[in-house]
Amino acid sequence: MSDTGLDRTEEHVGVVDDQQLHRLLVEAVADYAIYMLDPSGRVASWNPGAQEIKGYAPAEIIGRHYSQFFTEEDRAAGVPERALETARTVGRYQTEGWRLRKDGSRFWAMAVLDAVRDDSGRLIGFAKITRDMTERRAAEEALRESERQFRLLVAGVVDYALYMLSPTGEVTSWNTGAERIKGYAADEVMGRHFSMFYTPEDLADGRPTLALETARATGRFEAEGWRVRKDGSRFWANVIIDAIRGEDAQLVGFAKITRDITERKEAEERLAEAREQLFQAQKMEAIGQLTGGVAHDFNNLLTVIVSGVDLALRKIEDPKRAAQLLQTVSEAAHRGASLTRQLLAFSRRQSLTPEPVAIDAMMPAFRDLLDRSIGAGVDMRFDIEPGLAVEADLRQLELALLNICLNARDAMGQGGRLTLKAERRAVKDGPDEISGDFVAISISDTGTGIPAELINRVFEPFFTTKEVGRGTGLGLSQAYGFARQSGGTLTIESKEGEGTTVTFLLPETHVAAASIGGRAAEPRQDLAGHRLLVVEDDPRVAEVTCALLREAGAEVTHAADAHAALRALAGGKFDLVFSDVVMPGGRNGFDLAREINQSWPHLPVLLTTGYGGPNAGAGSEFRILSKPYAPEDLRRAVAESLHVD
């Protein structure tokens, strides 16, 4: 064999090997259907991948038209023919769509059809590559569905404004909640800067820029503040801005969440107001504690002054000038006593003697008192519902009503109309948590009224709207303290320039009220022959009290505390014990009185105090003489306790 022939044989063997390698490559691909079509579209070859994907064995499919892989809809639409024509014309046809397997099931296919030509350009067939993309399409569909549901979710949220911002702050999306809260439709805000929702004050402070810079630097910005709706109204908003970054960490925009929390803010403000009111109530209680303690010591001093001056006046042998001075001191002391009664009424530690009081029966005498106190120029009117009665201390009730009427007179200047009205009123969940049947006694004037900013302070002790030197500022606080201590309350309504109405709400009683009229005959105040034990820790008060009682003829023994009093009682015989309530040594006057009642049940006990304290109500079974007391009050109280005729 010639060398030339050997070369041709080796060349032929090399070509055969390349074709075999190509067939081996095609047959080894299992993820792709790779096969040939003749120029008319019939299957000319079939690789294992085609059998795997489509389900046909080579013998079942070679020679058959490839259109049988298409769905009925596509065949009816001429898709197989159009694909061949496109590949024939332009060289390639590529698409995605549903294809059929042998068993009739569908799969989503990516298909490529390439025209195959010989060296002369003649079409000899088509190369067909198909890949099953069903799983990828399902994943993409799931992703699209998830994104669709997310969009629906965002769009459906109406309580939150959820929208996107560009890196520079322009609105790029807008949900239903944003439209509801801010009032703008999507086409009104898309592309506009989000600073349009800020107040002019915040814009001037550069807050929108600060918000974006903070979110850009730290990833998040959160704040609360006023925002502006389309109609110009404001709402209190909770705002969150989150920075959104791509896979390369580059900022792609911001997610913006805004919630209208105006109602919550208003609720918090109401809570803060309630706390402030509680603070004021606690402050008032603290002031009450203070004034109650001051009144105790002050009353002891005043008892010495009033009683001592009274004794001195009777013993001076007509020194006119000295008598005038002492009289002035006496008047000042009585004025001080009145002030301490007002302090104790405010602190609700005064000693009250409640009794059924018929309102219509007390009014004639009270009206006479008003006529003398208020003077001319005031038109006084009374509107009293008959049959009303309250359980109250008559003297303190008259004092409280008088204080309010005097305030009303002062508020009216040169004259006006003062109306006193009493009516029955059912109260449920009223001020100071009162409920039940009450008698409302209202005092209305046509005066200057009280400014709104001061109305909440009028019950504070020493606070007054009058000029300096006109009034102590204790009238309303005394009235309020009396009403609260009596189981009711006091309310005030006022409008500047139109007048004021102050209303006592006192619990109604259905117990028959004693007639208010003439006083019982004064008992004889000669205490001669009676042995009295005076229990008083203050030596100055004790000295004056003992002197007054001895002047009335009594035999008086003094004890400094309850222990000394019990020792005196065990060693002697007495007709009455007159004891202070507040004393050192662990036993107060109430404790002493109860022990006397147990050991000497027939021995009368008269108590006195200038400070009721927290236990005053517990001693209501005993008669109590309030400090400071005048000599005639002391003698009268002792005589009545002794039943002296």
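Here are the numbers for the structure shown:
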{"read-out": "FRET efficiency estimate (nearest 0.05) - Cβ-Cβ, ALA564 to ARG594, R0 22 angstrom", "value": "0.80"}
{"read-out": "Cβ-derived FRET efficiency at R0 41 Å, TRP98 paired with GLU266, nearest 0.05", "value": "0.10"}
{"read-out": "Pairs beyond 30 Å (Cα-Cα), from LYS573/LYS627; LYS421/LYS627; LYS230/LYS265; LYS495/LYS627", "value": "LYS421/LYS627; LYS495/LYS627"}
{"read-out": "Rounded if a/c under 1.5, otherwise prolate or oblate - region 24-133, Cα gyration tensor axes", "value": "oblate"}
{"read-out": "Efficiency of FRET between ALA255 and ASP437 - r from beta-carbon atoms, R0 51 angstrom, step 0.05", "value": "0.25"}
{"read-out": "Radius 10 Å from Cβ of ALA33, net charge of other residues (Lys, Arg +1; Asp, Glu -1)", "value": "+1"}
{"read-out": "In order through region 221-229: 3J(HN,Hα) via Karplus (6.51 cos²θ - 1.76 cosθ + 1.60), integer Hz, x for Gly, Pro", "value": "10, 9, 7, 10, x, 6, 10, 10, 7"}
{"read-out": "Placed amide H near VAL556: partners under 5 Å, 5+ positions off or other chain", "value": "LEU532"}
{"read-out": "Three semi-axes of the equivalent ellipsoid, region 531-642, Cα gyration tensor, whole Å, largest first", "value": "18, 16, 14"}
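Readers should treat all values here as calculations from the given coordinates under stated rules, not as data from a laboratory. Being a predicted model, the structure only gives us computed values, none of them experimental. Positions of Cβ are generated from backbone atoms using ideal geometry, with glycine treated the same way; all protein chains shown enter the neighbour counts.
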